[in-house]
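See structure below.
The values are calculated or read from the model by the stated rules, or taken from the named source; none is laboratory data. What you see is a predicted model; the values in this text were computed from it and never measured. With ideal geometry, Cβ positions are generated from the backbone for all residues, glycine too; neighbour counts draw on all protein chains shown. Note: accessible area is taken over every heavy atom of the protein model, side chains too, but ligands, DNA and RNA are not part of it. Shrake-Rupley method; radii C 1.70, N 1.55, O 1.52, S 1.80 Å.
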Amino acid sequence: FKAPLYRLVRRQALLGPAALENVPCARFGKLLTMDRREIEDLRAMRQLMLSYKKVNPQKQPLSLAVFGAPGSGKSFGLKQIAAGVFGEKNPVLEFNLSQFKGPEELIGAYHQVRDQVLAGYTPVVFWDEFDSGEYKWLQYLLAPMQDGTFQDGQLTHPVGKSIFVFAGGTSCDFAHFGPPDKPTSKENEAQQKARHDFVMKKGPDFKSRLAGYFDVLGPNPRQKYNDDAAKEGLNPWEDDPEDLAFPVRRAILLRSL
């Protein structure tokens, strides 16, 4: 019988990380993690930013994506990495696409990014809820991702060297962002329609433009996708009983607070 590590991490919450001195850990600014997969993924994100920083000039933004359950702190880790790579004073811009009335509001957002680039920075831009509105925003985000430009009336403007971070709101991990890449033999009519709509809204093109992604675990149990529930139209996300280490993440958060 396997149970969550409550007894072990109670010491950590009370005494700090030193209570688990034999457990590998990594710190990224204010973020401390003891999860091996998160450590590897965050190091990969940092390496992408470091490599991008060294190349001048850079026409296209560096496009990254981050997924996780609501309240998991999707943006916190990448903000800490970006501050370490580009400096504490490097600007961070945040736009919640679910609050935008239409694609024309993106033009103002792109101009804000460009203003920071012209000021000599490499702004980190968080596009929150980019997958809202049944993926309608993907087609409008492709041109800056692919060509590094955006259209304002008849004028075409360069975005400039920047970091685009797309924070998902509908999927807890990248693997379930949109329909599977390939159809399955058991695919029903609704799933076929979902695949067709995702292609028409440039979903596969968007995914191919991402340089990397990061699945955030957060302080609660890891979420597992239930295919049977999805076929019945129910919420497919449920707690993963094999995630025994979530109390460790929770204790780190409690200790930091």
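Is it the case that segment 178-193 has a residue that's among the hydrophobic types (A, V, I, L, M, F, W, C) and under 23 Å from the mean Cα position of the chain (by Cα)? Taking every residue of segment 178-193 in turn, none turns out to be among the hydrophobic types (A, V, I, L, M, F, W, C) and under 23 Å from the mean Cα position of the chain (by Cα). Would segment 47-63 turn up any residue that is more than 14 Å from Lys161 (Cα to Cα) and open to solvent by less than 40 Å² (accessible area, probe 1.4 Å)? Within segment 47-63, none of the residues are more than 14 Å from Lys161 (Cα to Cα) and open to solvent by less than 40 Å² (accessible area, probe 1.4 Å). Every condition in (1) over 27 Å from Gln47 (Cβ atoms); (2) open to solvent by less than 70 Å² (accessible area, probe 1.4 Å); (3) part of a strand (DSSP E or B) holds for Phe166 except the one numbered (1).
Taking (1) more than 27 Å from Ser132 (Cα to Cα); (2) in contact with a helix residue (DSSP H, G or I) (Cβ under 8 Å, 6 or more places away or on another chain) in turn, Val55 satisfies each apart from (2).
For segment 207-219, give me each residue that is outside any helix (DSSP H, G or I) and either β-branched (Val, Ile, Thr) or free of Cβ contacts under 8 Å to residues at least 60 places away in the same chain (or both). Passing the criteria: only Val216.
For segment 188-206, filtering for residues that are surrounded by 15 or more Cβ atoms within 10 Å (Cβ to Cβ) and not in a helix (DSSP H, G or I) leaves 2. Could you give every pair whose Cβ atoms fall below 9 Å, whose first residue belongs to segment 244-257 and is in a loop (DSSP other than H, G, I, E, B), and whose second residue is hydrophobic (A, V, I, L, M, F, W, C), counting only separations of at least 6 or pairs across chains? Between residues of segment 244-257 that are in a loop (DSSP other than H, G, I, E, B) and residues that are hydrophobic (A, V, I, L, M, F, W, C), the close pairs are Leu244/Ala3; Leu244/Leu5; Ala245/Leu5; Ala245/Val9; Ala245/Met34; Ala245/Leu217. Within segment 23-39, one or more residues are within 24 Å of Asp128 (Cα to Cα), touching a residue at least 60 places away in the same chain (Cβ under 8 Å) and assigned to a loop (DSSP other than H, G, I, E, B).
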